[in-house]
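The values are calculated or read from the model by the stated rules, or taken from the named source; none is laboratory data. What you see is a predicted model, and the numbers here were worked out from it, not measured in a lab. Heads up, the Cβs are rebuilt from the backbone with ideal geometry, glycines too, and the neighbour counts pull from every protein chain shown.
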């Protein structure tokens, strides 16, 4: 699906997402027009989903991150759907993942401090439907976070 030129474009853009077609073209040895067309083709193929901002939540006052592993009471057929729909509505939930196995879902939550987290937990998380069990994992340090692919 991807040729060498596509991989080079992606590699340069991953390393420096502020590059435009002119700079990408120069680095890949092609014209800006060809770089722009390739980028558009990668977007149409859903390889590229856009360029976004990476926000440093701590700089905005969010000092606490908690990962919640949730086991759902699946005795009702729509337990997953209702839980996921309502979990998406909690603004402090920055990530939702689902799993096969003992744990059904994981929620990543950010809060300003422990008092704020306790408020979120009691007023928003514990009110989510179909929760059978929750295990909280307090985030201590992020050792590695790599979004770039080895292209």
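Let me confirm something: among 82, 7, which residue is part of a helix (DSSP H, G or I) and either touching a helix residue (DSSP H, G or I) at 6+ places or on another chain (Cβ under 9 Å) or under 26 Å from residue 137 (Cβ atoms) (or both)?
Values: 7 fails: either touching a helix residue (DSSP H, G or I) at 6+ places or on another chain (Cβ under 9 Å) or under 26 Å from residue 137 (Cβ atoms) (or both).
Exactly one residue qualifies, and that residue is 82.
Among residues of segment 1-41 being closer than 14 Å to residue 149 by Cβ and crowded, with 17+ Cβ neighbours inside 10 Å, the one that is modelled with the lowest pLDDT is 13. Sub-7 Å Cβ pairs linking a first residue in segment 72-85 that is touching a residue at least 60 places away in the same chain (Cβ under 8 Å) and in the same structural domain as residue 98 (by TED's automatic domain parsing) to a second residue that is in a loop (DSSP other than H, G, I, E, B) and surrounded by 15 or more Cβ atoms within 10 Å (Cβ to Cβ), at least 6 apart or interchain, are 72/104; 72/130, ordered by first then second residue.
Taking segment 99-118 as the range and being without any contact (Cβ under 8 Å) to a residue 40 or more places away in the chain, in contact with a strand residue (DSSP E or B) (Cβ under 8 Å, 6 or more places away or on another chain) and surrounded by 10 or more Cβ atoms within 10 Å (Cβ to Cβ) as the test, the residues that pass are 99, 103, 104, 105, 106. Failed condition for residue 127, given (1) loosely packed, with under 12 Cβ neighbours inside 10 Å; (2) in contact with a strand residue (DSSP E or B) (Cβ under 9 Å, 6 or more places away or on another chain); (3) modelled with pLDDT of 95 or more, with all others met? Going through the list (1) loosely packed, with under 12 Cβ neighbours inside 10 Å; (2) in contact with a strand residue (DSSP E or B) (Cβ under 9 Å, 6 or more places away or on another chain); (3) modelled with pLDDT of 95 or more, residue 127 breaks only (2). Among the residues of segment 142-151, some residue qualifies, meaning at least one is surrounded by 12 or more Cβ atoms within 10 Å (Cβ to Cβ), modelled with pLDDT under 95 and not assigned by TED's automatic domain parsing to the domain that holds residue 20.
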